[in-house]
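The values are calculated or read from the model by the stated rules, or taken from the named source; none is laboratory data. Everything numeric here is computed off the predicted structure, so don't read it as measured data. In this analysis, Cβ positions are derived from the backbone assuming ideal geometry, glycine residues included, and neighbour counts consider all displayed protein chains.
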């Protein structure tokens, strides 16, 4: 493959310091991070607003992910 870059993918869901341990309460110091988010309220199972928000958010999240992989050489799993 011409122009392909071998990049290691980061999956923050699988890193132990991002996962809660059942039956314990831990305090973490988390460095500043950037996130995409849309605020709202209501039942995500029935809210049209929620569905429409996800419809807008996920394509943007994946576009940023692939830009990061191709242009910056950093790949990661898009967290739900």
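Look at (1) closer than 18 Å to residue 80 by Cβ; (2) out of contact with any strand residue (DSSP E or B) (no Cβ under 8 Å at 6 or more places or on another chain) and you find that residue 23 fails only one, number (1).
Residues in segment 70-80 that are touching a strand residue (DSSP E or B) at 6+ places or on another chain (Cβ under 9 Å) and either surrounded by fewer than 11 Cβ atoms within 10 Å (Cβ to Cβ) or assigned to a loop (DSSP other than H, G, I, E, B) (or both): 74, 77. Within segment 13-36, is there a residue that is surrounded by 10 or more Cβ atoms within 10 Å (Cβ to Cβ), modelled with pLDDT of 80 or more and farther than 23 Å from residue 76 by Cα? No; the residues of segment 13-36 include none that is surrounded by 10 or more Cβ atoms within 10 Å (Cβ to Cβ), modelled with pLDDT of 80 or more and farther than 23 Å from residue 76 by Cα.
Sub-8 Å Cβ pairs linking a first residue in segment 24-49 that is without any contact (Cβ under 8 Å) to a residue 12 or more places away in the chain to a second residue that is loosely packed, with under 10 Cβ neighbours inside 10 Å and assigned to a loop (DSSP other than H, G, I, E, B), at least 6 apart or interchain, are 26/20, ordered by first then second residue. Being surrounded by 14 or more Cβ atoms within 10 Å (Cβ to Cβ) and closer than 12 Å to residue 7 by Cα is the filter here; which residues of segment 44-69 pass it? Residues satisfying the conditions are 68, 69. Within segment 30-67, the residues that satisfy the criterion of being out of contact with any strand residue (DSSP E or B) (no Cβ under 7 Å at 6 or more places or on another chain), in a helix (DSSP H, G or I) and under 19 Å from residue 9 (Cβ atoms) are 58, 61, 62, 63, 64, 66, 67.
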